[in-house]
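Undergrad: Pasting a structure here, questions to come.
The values are calculated or read from the model by the stated rules, or taken from the named source; none is laboratory data. This is a predicted model, so every value here is computed, not measured. Reconstructed Cβ throughout: ideal geometry from the backbone, glycine too, with neighbour counts over all protein chains shown. To get the accessible areas, we keep the full protein, side chains included, count just its heavy atoms, and leave off ligands, DNA and RNA. Shrake-Rupley method; radii C 1.70, N 1.55, O 1.52, S 1.80 Å.
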Amino acid sequence: MRLVILPTPNEVTEWSAKYLVQKVRDFKPGPNRYFNLGLPSGSTPMGMYKKLIEFFIAGKISFKFIRTFNMDEYVDLPEDHPQSFHYYMWQNFFKHIDIKPENCNLLNGMAEDLEVECARYEKLIHDSGGIHLFIGGIGPDGHIAFNEPGSSLVSRTRVKTLAQATLEANARFFDGDFNKVPKSALTVGVGTVMDAAEVMILVTGVSKAMALYKAVEEGVNHMWTVSAFQQHPRTILLCDDSATQELKVKTVNYFKGLNSLHNKLIENFDKEEP
Ligand code: GLP
């Protein structure tokens, strides 16, 4: 696991966007070679989407041959509800870039049969050739996508009841009223994300510090589902200084000492043309 520690959330979002651009360029997508990208919603990746739009406008990346798969969606929230992840993705990202609408995949939380919908999504990912890079965010309780504490670490896409902590954390998007937050969601499983060739998880702010500590310094534990990624061969945890507050000074110094190595991963960003 790589732990990339940067001073501020802005630097985290810029680094993540540059890394994605670099990965896509290296992959050289084309009409018969799509890059499959897993995406999160939430406040953390918002800056990354802004940066990616900037890079698209500057001609540094095209999304024409990229397929996206979002991690999760609330149950019973229509696509045009301002708090649905569909709405979030279209408003904050898709409508500003050259991605084809048919290549933007999200779970349908309004599906008549939610289990069929989850199975459809798993098959779609599988039939598309798997995800090349899954970008994720985490909740303060260490959940990845909506894999709440106690989720199976080999879980697949399914319906999940949301934990009280998640309802409270996400109430800010529903007029501060946690009663308005949908009580369940469709989510890719931990196993679904683990199958991606590469995973990059964005962690910013002190509210995520305990989760980062559990993910990095303690063992794999289903109560902190993000810790499963210790067993993934290619995971980058990308965090800001505030998120490291529960880590040992020794851990922080160790990973910061590797920063020049980590920065090599994005060093060609300004040199190469798409
Ligand atoms: C929700 C989503 C997660 C997201 C998390 C953190 O619970 N299901 O995918 O990572 O929120 O959101 P934020 O970035 O707003 O803290």
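Undergrad: Identify all residues within region 132-172 that are under 13 Å from V188 (Cβ atoms), among the small types (G, A, S) and more than 10 Å from the ligand (Cβ to nearest atom); write none if there are none.
TA: S151, S152, S155
Undergrad: Determine whether T251 is open to solvent by less than 60 Å² (accessible area, probe 1.4 Å), at pLDDT 95 or above and farther than 21 Å from A145 by Cα.
TA: yes
Undergrad: Determine whether region 255-266 contains at least one residue that is open to solvent by 50 Å² or more (accessible area, probe 1.4 Å), small (G, A, S) and either closer than 16 Å to P40 by Cβ or assigned to a helix (DSSP H, G or I) (or both).
TA: yes
Undergrad: Here's a follow-up. Identify, please: which residue in region 164-197 is open to solvent by 60 Å² or more (accessible area, probe 1.4 Å) and part of a helix (DSSP H, G or I) and is, among those, modelled with the lowest pLDDT?
TA: Looking at the filtered set, the residue picked out is F178.
Undergrad: Looking only at region 99-122, which residues are part of a loop (DSSP other than H, G, I, E, B) and either in contact with a helix residue (DSSP H, G or I) (Cβ under 6 Å, 6 or more places away or on another chain) or over 18 Å from M89 (Cβ atoms) (or both)?
TA: Matches in region 99-122: L106, L107, N108, A111, E112, D113.
Undergrad: Report yes if D241 is in contact with a helix residue (DSSP H, G or I) (Cβ under 9 Å, 6 or more places away or on another chain), open to solvent by less than 70 Å² (accessible area, probe 1.4 Å) and of a type in the set (D, E), otherwise no. Can you show your working first?
TA: Working: in contact with a helix residue (DSSP H, G or I) (Cβ under 9 Å, 6 or more places away or on another chain): yes; open to solvent by less than 70 Å² (accessible area, probe 1.4 Å): yes; of a type in the set (D, E): yes.
So D241 passes the test.
Undergrad: So, one more: Keeping to region 12-59, report how many residues are assigned to a helix (DSSP H, G or I), of a type outside the set (A, V, I, L, M, F, W, C) and within 16 Å of the ligand (Cβ to nearest atom).
TA: Residues flagged as assigned to a helix (DSSP H, G or I), of a type outside the set (A, V, I, L, M, F, W, C) and within 16 Å of the ligand (Cβ to nearest atom) within region 12-59 amount to 6.
Undergrad: From D80, D76, which residue is within 16 Å of the ligand (Cβ to nearest atom), charged (D, E, K, R), more than 17 Å from the chain's Cα centre (by Cα) and over 17 Å from T44 (Cα atoms)?
TA: The match here is D76.
Undergrad: Of the residues in region 8-30, how many are under 15 Å from G47 (Cα atoms) and open to solvent by 70 Å² or more (accessible area, probe 1.4 Å)?
TA: First, pick out the residues of region 8-30 that are under 15 Å from G47 (Cα atoms): 8-21.
Now restrict to residues that are open to solvent by 70 Å² or more (accessible area, probe 1.4 Å): 10-11.
Here the count works out to 2.
Undergrad: Same structure, new question: Among the numbered conditions (1) within 16 Å of the ligand (Cβ to nearest atom); (2) surrounded by fewer than 17 Cβ atoms within 10 Å (Cβ to Cβ), tell me where Q230 comes up short.
TA: Here Q230 meets the rest and fails (1).
Undergrad: Right, something else. From the residues in region 150-163 that are in a loop (DSSP other than H, G, I, E, B) and modelled with pLDDT of 95 or more, which one is surrounded by the most Cβ atoms within 10 Å (Cβ to Cβ)?
TA: Only one residue tops the list, namely T157.
For (1) closer than 25 Å to S128 by Cα; (2) touching a Leu at 6+ places or on another chain (Cβ under 9 Å); (3) hydrophobic (A, V, I, L, M, F, W, C), each residue gets a yes or a no:
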residue: K28; (1), (2), (3): yes, no, no
residue: P31; (1), (2), (3): yes, no, no
residue: G59; (1), (2), (3): no, no, no
residue: V75; (1), (2), (3): yes, yes, yes
residue: N103; (1), (2), (3): yes, no, no
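Undergrad: Is it the case that region 206-221 has a residue that's open to solvent by 10 Å² or more (accessible area, probe 1.4 Å), charged (D, E, K, R) and over 27 Å from A163 (Cβ atoms)?
TA: no
Undergrad: Determine, yes or no, whether F85 is modelled with pLDDT of 95 or more, among the hydrophobic types (A, V, I, L, M, F, W, C) and buried (at least 17 other Cβ atoms within 10 Å of the Cβ).
TA: Here the answer is yes, as F85 does meet what is asked.
Undergrad: Considering I131, I201, I125, which residue is in a strand (DSSP E or B) and either of a type outside the set (V, I, T) or modelled with pLDDT of 95 or more (or both)? Show your work before the answer.
TA: Working: I131 fails: in a strand (DSSP E or B); I125 fails: in a strand (DSSP E or B).
One residue alone meets the criteria, I201.
Undergrad: Filter region 206-243 down to residues that are closer than 14 Å to P149 by Cα and among the aliphatic types (A, V, I, L, M), then give me how many there are.
TA: 7
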